[in-house]
Amino acid sequence: MERKRFLGSLSLLAVLVVGLLVPGCAKPAPEAEVLVPPYVESQSVTINPGKTALIIVDCQNDFLKLGGKLGPSDEAGADYCAEVVSHIKVLSDKCRVANMPIIYTQDYHQPNDPEFAIWPPHCLVGTSGQEEVPELTPQTGDYVLLKGGKTVSYDCFYASYKPNEMESELKSLGVDTVIVTGTVSNICVYCAVVGCAQRGYKTIVPRNCIASLTPAGERLALSQFSSLYAVTVTESDKITFK
Ligand SMILES: [Zn+2]
C-alpha cells in the first residue's frame, strides 16, 4: 500500500515536471502545491551608469513600515522590509555617486479611489503612509511618478496621472537599461519590470532589493522575469559599474 502511494507520488511528480518542460497548455494539478520553474541568477552584471536608470517602486510607509495600511503585520515582517530597504539604500547611494538618474513610483490615492474596491484604503494623499520611507527620501533631481485613480494602479506605465509619463521620462533620460527595485515583487514591481522589458529596455532585478507578500509570489515573479522576459535576475552586490 505504501509502495503504491509512493509510486503514485512519483507519477504526480513526473506529470508536474513534464508539465513544466513541455511548452503547451496542461491541465493544472488539483494539489495545493505545484512547482514553479527555477529562475536563472546572474553572478556578475556590469552596467554603464551613463545609460542606466534606477527605478524604486512604491517604497512607501504604508507598504513597508509596521503600522502601515498594507504594511508588515509583525516585527519579523518589518525586519524583512527593513532589510530590503537597506539593500536599496546601498544600491541607490552607489547610483547617486555614479550620477545615475533615479525614478521613484508612488501610490497616490484620493479617498474615493476605485482601487479601494480591492484593497483597504492606503497611500492616501496628505498622509504619512503615502510618503516614501525616510531611508529612501527622494532628493533634488530625482523623478517621482504618482499612480492612482484607476481600477488598479499597479502599473507605472498605465496608472500614472500624466499620460505616458514613464515612457516620456525614460526616453528623455536616454537610457537603454533599467534596474528595478521596490515592492511588491509580483504586483507593482512586476508591472514595472514587464513594462520596461516589453519596451526594449535591458532590465535588471536585484532580488535582494524587492519585497514580497509571500515567498511564492516572489518566486513566481522571478521565474516569469527570467523565463519570459529575458530579465537579468541578480543580487545588488553583484552589479558593477563600468
Ligand atoms: Zn494602491
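Quick note: the coordinates plus some simple rules give every number you see, no bench work behind them. Just so we're clear, the structure is a prediction, and the values are computed from it rather than from any experiment. A quick note on method: Cβ atoms are made from the backbone with ideal geometry, for glycine too, and the neighbour counts reach across all protein chains shown.
Taking Cα pairs under 8 Å and at least six residues apart, what relative contact order does the chain come out at, in percent?
Numbers: 421 pairs, mean separation 59.1, N = 242.
This gives 24 percent for the chain.
Considering only the Cα atoms of the chain, their convex hull presents on average a projected area of 15.6 nm². Counting Cα-Cα pairs of segment 139-242 in 5 Å increments starting at 0 gives whole-percent bin shares of 2, 13, 22, 24, 21, 13, 4, 1, 0.
When VAL144, VAL193 are arranged by Cβ crowding within 10 Å, least crowded first, meaning fewest neighbours, the order is VAL144, VAL193. Using Cβ point charges alone (K and R +1, D and E -1), the dipole size of segment 39-241 about the Cα centre works out to roughly 580 debye.
Suppose the chain between ASP93 and TYR229 were pulled fully straight at 0.36 nm per residue; how much longer would it get relative to their current alpha carbon spacing?
On the way: separation 136, 0.36 × 136 = 48.96 nm, distance 2.75 nm.
Length gained, ASP93 through TYR229: 46.2 nm.
When the charge dipole of the chain is built from unit charges on Cβ atoms (+1 for Lys and Arg, -1 for Asp and Glu) and taken about the Cα centre, the candidate among HIS87, GLY24, LEU145 whose Cα reaches farthest toward its positive end is GLY24. Spacing of the modelled spin labels on LEU213 and GLU135, each 7 Å from Cα toward Cβ, amounts to 2.2 nm. Distance distribution P(r), segment 89-142, all Cα-Cα pairs, bin width 5 angstrom from 0: 4, 17, 24, 17, 12, 13, 9, 4, 0 percent.
Kindly provide the helix-only [θ] at 222 nm of the chain, computed as the sum of -39,500 (n - 2.57) over DSSP H runs of four or more divided by all residues, to the nearest 500 deg cm²/dmol? It would help to have the intermediate numbers written out before the result.
Details: 6 runs with 81 residues, N = 242.
The per-residue figure over the chain is -10500 deg cm²/dmol.
Counted by neighbouring Cβ atoms within 10 Å, the residues THR181, THR203, THR151 run from fewest to most as THR151, THR203, THR181.
Can you tell me how much longer the chain between SER172 and ASP74 gets when fully stretched, taken as 0.36 nm per residue apart minus their C-alpha distance, in nm with one decimal? All intermediate terms of the calculation are to be shown ahead of the outcome.
Details: separation 98, 0.36 × 98 = 35.28 nm, distance 4.14 nm.
Additional length available on full extension: 31.1 nm.
Counted over all Cα-Cα pairs of segment 129-178, pairs farther apart than 14 Å make up 61 percent.
Taking a Cβ cut-off of under 15 Å around ALA76, the surrounding Lys, Arg, Asp and Glu residues balance to a net charge of -3, with basic ones at +1 and acidic ones at -1. Under the convention that each Lys and Arg Cβ holds +1 and each Asp and Glu Cβ holds -1, the size of the dipole of segment 112-186 around its Cα centre is about 180 debye. Placing +1 on the Cβ of every Lys and Arg and -1 on the Cβ of every Asp and Glu, with nothing else charged, gives segment 54-127 a dipole about its Cα centre of roughly 320 debye.
Cα centroids of segment 153-177 and segment 60-78: 27 Å apart. P(r) of segment 38-136 in 10 Å steps, Cα pairs, percent per bin? Pair shares across the bins are 14, 37, 31, 17, 1.
For the chain, the longest principal axis of the C-alpha atoms and the axis of helix 188-198 are separated by about 90°.
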